[in-house]
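Below is one structure; the comments refer to it alone.
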Amino acid sequence: MVMSLGNPLKPEALYTPCDAGTLDFETTADLVGLDEVVGQSRALSALNYGIHVKGHGCNIFALGPAGIRKHEIVTRILQGEASSRPVPSDWCYVWNFKHPHKPSVIEMPPGRGVRFCQHMEQLIEDLGTAIPSAFETEEYQTRVADLERDLIARRDEMLQQVDEEATRRRVRFLHTPSGFAFAPLDAGGEVIDPDHFSKLSDKKKKQIEADVKELQERLQKVIRQFPIWQKETREKIKEIDREIAHYAVEHLIGGVRKNHHDLPEVCRYLEDVEKDIVEHVREFRQQTEPQAFFPLRSGTAEALRRYKVNVIVDHNGEASAAVIYQDLPTYSNLVGRIEYQAQMGTLLTDFSLIQAGDLHRANGGYLVLDADRVLRQPFAWEGLKRALRSRLIRIEPLEKAYGLMNTSSLEPEPIPLDVKVVLVGDTRLYYLLNHYDPDFADLFGVIADFSEEVDRDGGSTMPFARLVARIAQEEELRPFDRKAVARVIEFSSRLAEDASKLSVNVRQISDLLRESDYTAGAREASQISSGDVQAAIDARIYRHDRIRERAYEAIGRELVKIDVAGETVGQINGLSVLDLGDFSFGLPSRITTTTRLGDGKFLDIQRETRLGGKIHSKGVLIMSNFLASTYAREYPLSMSASIVFEQSYGIVDGDSASLAELCALLSALSHLPIRQSVAVTGSVNQRGEVQAIGGVNQKIEGFFDVCSQAGLDGSHAVIIPASNVSHLMLREDVVAAVSEGRFNVHSVDDVNGAIELLTGVPAGDRDDNGNLPTDSVNGMAEKTLIELAVRRREFARNSSAGGEEA
Amino acid sequence: MNHPTARMVERVLVAINSPLRSDDALAAAVELASSFQAPLMALFVEDVNLARLSELPFAKELDRSSGVIRPLNPQSLDRALEAEARKLRKWLQDESKRRRISVSMQVVRGHCVGIAERMARSRDIVFVDYAVRRYFGNIATGSFLPGQDASRLWDKPVWVLYDGTKRTRRALALASSLGQTYRLDVVILAGEEADDNDIEEQKSKMPSNRKWECQVLRLSDQKSVIAAVRNRGCAALVLPREYEHKHDFGLIGSIMRCPRILV
């Protein structure tokens, strides 16, 4: 005969259905798709604040679980806001004439950057012909030739004077292979013969030598003037060059200036361009082809290259500020990069190879990034923080920033940054960053916390139905009838693991809707029914079900020992949840305890073998403290106990088994057997109160499935914390079994309630004298503990006496 | 190329005054020898006065660029001259192959003009570079450039001294021929003796179907001559051999920096 177990929960408490009658439509085709966001008022308010608040560091971190379309919501809101903001400036990099390795930046009104670039391209083309032409004029050639001729004449004149002086002294001015020399002449006008010279008187010789020396010194002075004259001539030629160049380029640059006269920065730049062209005009005078070995760094084209304009941000044709999303937020993609061109094994670069990053493109608008992706990319997080902190976009090659390469490179002028960055990430990441990165709170001061669930009430079911309608419309699915929508709502509650909540995990709901559509399509239906939705749920479970099936099979074949009938002292069925990512299921585990004389120590075998997590260990310690405080307040706890999850080979964590463990321990102490047809889940505190746990639905269904294998006879039940009752959204077959009396679910508030259900013996409360009834579980347990304490005292006394005798 | 006046040229003689070597004269001589298909003889003339100076105990030279004074001795001078001669010989050999002309070279010591005159035959064209009269010679143009295109020498007019004598007629004929061949303008520098009718007659004999012009300037009109030299430049001055010493051009001569072709 099946023993009755207290008052089980009614079937109505196990599942909260959605009444299709309350849904005011026939199919979702009748509904307008939901445009607003369901149940995210907190996050929306935060986003609204974050977008509008001014100030450094008011960037936004949008956090919440995956699958709730944070990205979509954030982007939609940002786009709405951006559309009312002005189009940001264009930005151009140009040659810096004072410091060529530090390209200058010019800010321009939107759309003007490209026009300016085109004007400069045209200017370069015009210069390429105008300058050489200007220098081919006869006037220029004549002026330069005159200067060169004057220089030669001036030198010749001075040499002529020396020559004439030499002639007066009867000395010949001669050319040598590398210079000049003076030679005395004989009477015939020829250079004096060495023999003849040797025969001259000493006085004559000295006179000649003195004359020659004097002439040499004079000539030396003259020669030393030549470089000065040459320099003077060069300067004069340069001045003519400048003059000619000025005439040649003035009107060309004037044309560009006229188009951009309203931009002082451009006008200043054009002045610099004009000065530079005039200064370096010789480089442009001849149209030379680039040399084969250095095509990038030679020729007129290269000389003119520095007047190009590199428009790195172009907002031409745009109507509002930008919202940029980068799915590969590398350092370079964020802050920009300097590209190089390989030339014969040498890497060359200049300002025209500077490439914009997303911070440039989003400047003046919004940048949306995935937090985890930013953190995964080397140096991207540091680069982003640096830019936000300094409010400048500084393009710096990584190898230089981190001192890995010391070759000279460009240092582009930084661009002022005015962007709102929205990082999208999960909750855990937000708290990690907040805890470990001191800069984070300074830079991301606004948190937009997205919730995964909303309250399930009359106000949320219709918006949820419209959400279903919207997804169906967006994905071009068949319309869902009202019962199908009701089933989706129930599914959503089950996802939330709370009958009073709805999950807004759009990804999982979309998956279900798509599969329901597929099922309806298979039966060639024009609408999706609740049966299609249920079939989709079942099919999805079936696809993920292999491991669960194997686990239950192992129990059925007694490879894993789980008793679902009979009674045993110190043995209980606990319940755990195996999470496989997209799918989780409950599984009973046998928990056994043993007790013996000891000093109050509890041996948690899971912990000793490092197969128990910290929370589980905490649960065991709480339980031991409950025992000590409940039964051994006036004598030492003289018991040692060991607790183990039998046939558990993986990590056990969580404290949801602490109620089961405590009940098993009380059974061992009271020597009262526990009904094996009942499984227990719940955590206890030091006072013996039972607290809520997670995964209650899966746990009940897990035990139900295992019992079903053996055959349900009405004795099978699960004890759950009373505070978990509102979470129940059990499977239809479980609810049916409960309705038919084949299975039960009990809720308890404290350990006494649980132990009574498990043993069938009253737990027992202390009377006014503080005594427990002797026939109660607690009374028997206390008796055992007192006996153990007495035995321990005797044992200690005997040991002490034996020790003294020895 | 068969030059119209080839039959009046037996040989092209070019006197290279070392160390005042002349690239222009040499290149022009090669060009002309090639045109006439005449053998070219190069005289590398080592200045005898320089050799004597180097043997004097106090001989010193001043560096052309820096003005530094350093000793000059026969050994260092010979080495420098030999090096120059080697380079010249190599260049001539290359030109000989390139232009298929017969080339010979002789190193002699003496006076450039004197040696050139002494070794010239009556139907030789003799090139003597003006550099012998300059202080800085061809410094600006550097050393020999193998394969140098002589045509760059011929982009200015060729000047010719004409006074109506038979010798100057020959010079005029050569200048006219050069003008015709290289499409150069010809500037006739007319002496006092030449009368206008004769000059006009000579001009009319020149081919007129070419795009070159003939200008006549009186040697006595120094201002016009100087202006023309400055404005138009000078590819070469053609004059009878004996006139090299007979005429002193004064200022005109000093600004007319070009090779002289002695006929």
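The values are calculated or read from the model by the stated rules, or taken from the named source; none is laboratory data. From a predicted model like this one, the values you see are computed outputs, not experimental measurements. Here the Cβ is made from the backbone with ideal geometry for all residues, glycine too, and neighbour counts use every protein chain on show. Calculation scope for accessible area: heavy atoms of the full protein, side chains included, ligands and nucleic acids excluded. Shrake-Rupley method; radii C 1.70, N 1.55, O 1.52, S 1.80 Å.
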Practice task
Could you check, for segment A:241-254, whether at least one of its residues is assigned to a helix (DSSP H, G or I), at the interface with another protein chain (Cβ under 10 Å from one of its Cβ atoms) and open to solvent by 20 Å² or more (accessible area, probe 1.4 Å)?
Solution key: no
Handout entry: Qualifying position, being at pLDDT below 90 and assigned by TED's automatic domain parsing to the domain that holds A:GLY336, among A:GLY80, A:GLY55
Key = A:GLY55
Practice task
Would you mind stating whether B:PHE58 is free of Cβ contacts under 8 Å to residues at least 24 places away in the same chain and within 14 Å of chain A (Cβ to nearest Cβ)?
Solution key: yes
Practice task
Enumerate the pairs (first residue in segment A:6-35 and open to solvent by 30 Å² or more (accessible area, probe 1.4 Å); second residue anywhere and basic (Lys, Arg)) with beta-carbon separation below 7 Å, excluding pairs fewer than 6 apart on the same chain, so at least 6 apart or on different chains.
Solution key: A:GLU26/A:ARG482; A:VAL32/A:ARG466
Fill in the blank from the handout: The correct count of residues that are within 7 Å of another protein chain (Cβ to nearest Cβ) and open to solvent by 20 Å² or more (accessible area, probe 1.4 Å) in segment A:177-210 is 6
Problem - One residue from A:PHE743, A:PHE704 being of a type in the set (Phe, Trp, Tyr) and within 47 Å of the chain's Cα centre (by Cα) - result: A:PHE704
Problem - Set B:ALA85, B:ALA51, B:ALA80, B:ALA116: member being more than 13 Å from every other protein chain (Cβ to nearest Cβ), assigned to a helix (DSSP H, G or I) and out of contact with any His (no Cβ under 9 Å at 6 or more places or on another chain) - result: B:ALA116
Completion exercise
The condition from (1) farther than 20 Å from A:VAL191 by Cβ; (2) free of Cβ contacts under 8 Å to residues at least 24 places away in the same chain that B:GLY114 misses is numbered (1)
Completion exercise
Screening A:ASN798, A:ASN752 for residues that are assigned to a helix (DSSP H, G or I), open to solvent by less than 50 Å² (accessible area, probe 1.4 Å) and among the polar types (S, T, N, Q) leaves only A:ASN752
Problem - Test for A:ILE720: is it out of contact with any Asp or Glu (no Cβ under 9 Å at 6 or more places or on another chain) and in contact (Cβ under 8 Å) with a residue 60 or more places away in the chain - result: no
Exercise for the section: Confirm whether A:VAL249 is touching a Lys or Arg at 6+ places or on another chain (Cβ under 6 Å) and at pLDDT below 90. Expected result: no
Handout entry: Candidate set: segment B:88-113, residues that are open to solvent by 70 Å² or more (accessible area, probe 1.4 Å) and assigned to a helix (DSSP H, G or I); chosen: the one farthest from the other protein chains (Cβ to nearest Cβ)
Key = B:LYS97
Handout entry: Verdict on A:LEU347 being in a strand (DSSP E or B) and exposed (fewer than 15 other Cβ atoms within 10 Å of the Cβ)
Key = yes
Completion exercise
Of the conditions (1) aliphatic (A, V, I, L, M); (2) outside any strand (DSSP E or B); (3) more than 36 Å from the chain's Cα centre (by Cα), the single one that A:LEU603 does not satisfy is (2)
Problem - Test set (1) at the interface with chain B (Cβ under 7 Å from one of its Cβ atoms); (2) among the hydrophobic types (A, V, I, L, M, F, W, C); (3) part of a helix (DSSP H, G or I) - A:VAL144 fails condition number - result: (1)
Problem - Condition met for A:ARG155 (within 9 Å of chain B (Cβ to nearest Cβ), closer than 27 Å to B:SER66 by Cβ and open to solvent by less than 70 Å² (accessible area, probe 1.4 Å)) - result: yes
Practice task
Sort out which residues of segment A:111-141 are open to solvent by 60 Å² or more (accessible area, probe 1.4 Å), away from chain B (no Cβ under 14 Å) and either of a type in the set (A, V, I, L, M, F, W, C) or farther than 24 Å from A:LEU304 by Cβ (or both), and write them in order of number.
Solution key: none
Exercise for the section: Take segment A:320-334 and flag every residue that is assigned to a helix (DSSP H, G or I) and of a type outside the set (A, V, I, L, M). Expected result: A:TYR331, A:SER332, A:ASN333
Completion exercise
Here the residues within segment A:448-492 that are open to solvent by 30 Å² or more (accessible area, probe 1.4 Å), within 33 Å of the chain's Cα centre (by Cα) and among the aliphatic types (A, V, I, L, M) are none
Problem - Where B:ASP63 falls short, out of the listed (1) in contact (Cβ under 8 Å) with a residue 40 or more places away in the chain; (2) out of contact with any Asp or Glu (no Cβ under 9 Å at 6 or more places or on another chain); (3) surrounded by fewer than 21 Cβ atoms within 10 Å (Cβ to Cβ); (4) at the interface with chain A (Cβ under 8 Å from one of its Cβ atoms) - result: (1)
Practice task
Report yes if A:GLY55 is part of a loop (DSSP other than H, G, I, E, B) and loosely packed, with under 12 Cβ neighbours inside 10 Å, otherwise no.
Solution key: yes
Exercise for the section: Answer yes or no as to whether A:LYS213 is in a helix (DSSP H, G or I), out of contact with any Asp or Glu (no Cβ under 7 Å at 6 or more places or on another chain), open to solvent by 80 Å² or more (accessible area, probe 1.4 Å) and within 10 Å of another protein chain (Cβ to nearest Cβ). Expected result: yes
Handout entry: Any chance A:LEU174 is within 7 Å of another protein chain (Cβ to nearest Cβ) and either among the aromatic types (Phe, Trp, Tyr) or in contact (Cβ under 8 Å) with a residue 60 or more places away in the chain (or both)
Key = no
Problem - Residues (within 10 Å of another protein chain (Cβ to nearest Cβ), open to solvent by 30 Å² or more (accessible area, probe 1.4 Å) and touching a helix residue (DSSP H, G or I) at 6+ places or on another chain (Cβ under 6 Å)) located in segment A:158-171 - result: A:MET158
Problem - Identity of the residue in segment B:227-248, surrounded by fewer than 17 Cβ atoms within 10 Å (Cβ to Cβ) and under 26 Å from A:GLU148 (Cα atoms), that ends up modelled with the lowest pLDDT - result: B:ASP248
Practice task
For residues that are among the charged types (D, E, K, R) and part of a helix (DSSP H, G or I), scanning just segment A:66-82, find the one that is farthest from A:GLU452 (Cα to Cα).
Solution key: A:GLU81
Completion exercise
Exactly one of A:ARG149, A:ARG169, A:ARG143, A:ARG155 is at pLDDT 90 or above, over 30 Å from A:CYS117 (Cβ atoms) and basic (Lys, Arg), and that residue is A:ARG169
Practice task
Go through segment A:613-706 and tell me which strands (runs of 3 or more DSSP E), entirely inside it, have 3 or more residues that are touching a residue at least 60 places away in the same chain (Cβ under 8 Å).
Solution key: A:673-675, A:678-680
Handout entry: Residue list for segment A:546-579, restricted to those being of a type in the set (Ser, Thr, Tyr) and farther than 20 Å from A:SER642 by Cβ
Key = A:TYR552
